[in-house]
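Undergrad: Right, I'll just put the structure down here and ask away after.
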Amino acid sequence: MSRRTRAIAFGVAAVLAAVAAGAIADGYGDSVARGYGALRPVVVATAPLPPGTALAPSVVERALEVRQVPARFVPGGALSSRAEALGLVPAAAIPSGAYLIAAQLLPPRTDSPGPRLAAGRRPVQISVSGAEALAVGGGSPVGSRVDVVVTTEPRDGGDGHTYVAAAGVPLLGLGAGPEGELTGSAEATLGLTRSQALRLIAAESFARQVTVMPVRAR
């Protein structure tokens, strides 16, 4: 048998082995579903989570994972999306491999003098991009101030228009977008005046992009 023939034979064998492994895995998954019931997503810690420290976006990305587990084994109150844990604080140490339970997580303390909603402002949730940049320094960006920048769609072959639609507004909350990540689209809750809220709600429907940026320190 020539070297080329042996290489082709080995290649075919490898493909057949991969197909067989996939079939076995699918069959195993089906057998698990038949034996233990339907699977459901559950959030698992892939690294120890210390108590008393808010789960910043960087920690959520690095130390939490969504796995499919038979529903009968999922404890009550288990989180199904990593976004549900964002900004919350473990009441006690959570070991690696443990499920995240809603009762284990508390809202962050508000003792620090973060920005409060002044008269005439209200919490408004909008879809934004650029949220991952808010977590570059580590820690939770909630409570900081951000600029909201709108980029419109180009018209008549020209360039889109970019402008600051709301400057230095308080960031009250930050959650993952439809993909379950902060990259791409995320959900930001901002403290806005009525005119800012109307402007940004309208921008969600016509703008190419609505971006949040950390306010530059002066």
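Undergrad: (1) touching a helix residue (DSSP H, G or I) at 6+ places or on another chain (Cβ under 8 Å); (2) surrounded by fewer than 14 Cβ atoms within 10 Å (Cβ to Cβ); (3) at pLDDT 85 or above: which one isn't true of V148, the others all being true?
TA: (2)
This table checks each residue for (1) of a type in the set (V, I, T); (2) touching a Leu at 6+ places or on another chain (Cβ under 9 Å); (3) assigned by TED's automatic domain parsing to the domain that holds A133.
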position: V43; (1), (2), (3): yes, yes, no
position: P51; (1), (2), (3): no, no, no
position: A54; (1), (2), (3): no, yes, no
position: P57; (1), (2), (3): no, yes, no
position: E61; (1), (2), (3): no, yes, no
position: V74; (1), (2), (3): yes, no, no
position: A78; (1), (2), (3): no, yes, no
position: P95; (1), (2), (3): no, yes, no
position: A98; (1), (2), (3): no, yes, no
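Undergrad: Hey, any hits in segment 97-109 for a residue that's modelled with pLDDT under 80 and within 30 Å of S205 (Cβ to Cβ)?
TA: No, the conditions are met nowhere in segment 97-109.
Undergrad: Kindly check whether there is at least one residue in segment 163-171 that is loosely packed, with under 15 Cβ neighbours inside 10 Å and either in the same structural domain as V59 (by TED's automatic domain parsing) or modelled with pLDDT under 85 (or both).
TA: No, the conditions are met nowhere in segment 163-171.
The values are calculated or read from the model by the stated rules, or taken from the named source; none is laboratory data. Since the model is a prediction, treat every value here as computed from it, not as a measurement. A quick note on method: Cβ atoms are made from the backbone with ideal geometry, for glycine too, and the neighbour counts reach across all protein chains shown.
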